[in-house]
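The values are calculated or read from the model by the stated rules, or taken from the named source; none is laboratory data. Note that the structure is a prediction, hence the values are computed from the model and not measured. Heads up, the Cβs are rebuilt from the backbone with ideal geometry, glycines too, and the neighbour counts pull from every protein chain shown. Surface areas here come from the heavy atoms of the whole protein model, side chains and all, with no ligands, DNA or RNA. Shrake-Rupley method; radii C 1.70, N 1.55, O 1.52, S 1.80 Å.
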Amino acid sequence: MEIKEIVFWSIFLTIAILLFTGQVVLNVQENVKPSTISEKIEYLPDITKKNEKAILVYENIGFSEKLRELSKKGITYGLGEYSGPSFNEDALKDSAIQIAYQEIIKKLDERKEKIKQSINMEDKTKREELLKIIDDIFSRLYQFIPEDNSLAIIYRIWKEDKKEVLSYYVLAIFDTEYAFSLINSIFQDEISKFEEYGIKFEKLWSLMYEESKEK
């Protein structure tokens, strides 16, 4: 066999092996179904199911384990949407985030009222004292939401590009467990008042989870 033939067949066999190996790898990859948090927590809103033009541009994968824990009790979330001229993209995104925060605050405010209604005491003076503490705690909590990234986590951001106009959709998750630890550390004296009057603040806080498995 001549040297030219040996070189030809060597090159041919090398290419054939590479093609075959590549095909096997491709088939294996196609058969692997990625596991995403959206499959496990289906009741969180997915903009792409209603709007095919929207594209997921951000997802906080690192929050997935905590999200699974929160889902056992119930998740409080806010979904923000904002549209405007494409040249002002950062402002549009920030506006959508702020709307998501406002949605969370609105839901927390409703649950705050349930907590207040559950405080039944014969002594009106003590009851008014505790109700004021509840208002103060939640008022401070609302101030923390746009400031503390661990309190209201930006979980997903979608973007819809309509040439001159952009739309941003932001899904923010409220970490109820972190909020409870935050309140315990900041309002120790105030919370001790509940204990003094025979009321467990943790039990009141558990009302936050009621009706919070949103769909």
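Checked against (1) modelled with pLDDT of 90 or more; (2) assigned to a helix (DSSP H, G or I), S38 passes all but a single condition, namely (1). Flag: Y169 does not match the condition of being farther than 15 Å from Q98 by Cα, in contact (Cβ under 8 Å) with a residue 12 or more places away in the chain, open to solvent by less than 70 Å² (accessible area, probe 1.4 Å) and not hydrophobic (A, V, I, L, M, F, W, C).
Residues considered: K124, K193, K159, K116. Of these, the only one that is open to solvent by 70 Å² or more (accessible area, probe 1.4 Å) and basic (K, R) is K124.
The combined condition, being open to solvent by 20 Å² or more (accessible area, probe 1.4 Å), in contact with a Pro (Cβ under 8 Å, 6 or more places away or on another chain), touching a residue at least 12 places away in the same chain (Cβ under 8 Å) and not hydrophobic (A, V, I, L, M, F, W, C), is fulfilled by E164. Within segment 127-148, can one find any residue that is under 30 Å from F87 (Cβ atoms), more than 17 Å from the chain's Cα centre (by Cα), exposed (fewer than 15 other Cβ atoms within 10 Å of the Cβ) and not β-branched (V, I, T)? Checking segment 127-148: not a single residue is under 30 Å from F87 (Cβ atoms), more than 17 Å from the chain's Cα centre (by Cα), exposed (fewer than 15 other Cβ atoms within 10 Å of the Cβ) and not β-branched (V, I, T). Look through segment 67-87, keep the residues that are in a loop (DSSP other than H, G, I, E, B) and in contact with a Phe, Trp or Tyr (Cβ under 9 Å, 6 or more places away or on another chain), and return whichever of them is most open to solvent (accessible area, probe 1.4 Å). Out of the qualifying residues, it is K73. Exactly one residue out of D123, D90, D109 is farther than 30 Å from I199 by Cβ and over 16 Å from the mean Cα position of the chain (by Cα): that is D90. In segment 123-215, counting only helices (runs of 4 or more DSSP H) that sit wholly within it, the ones holding 2 or more residues that are of a type outside the set (F, W, Y) and farther than 29 Å from I61 by Cα span 124-144, 188-196, 201-205.
For I183, the stated conditions do not hold, so it cannot be described as crowded, with 18+ Cβ neighbours inside 10 Å and modelled with pLDDT of 95 or more.
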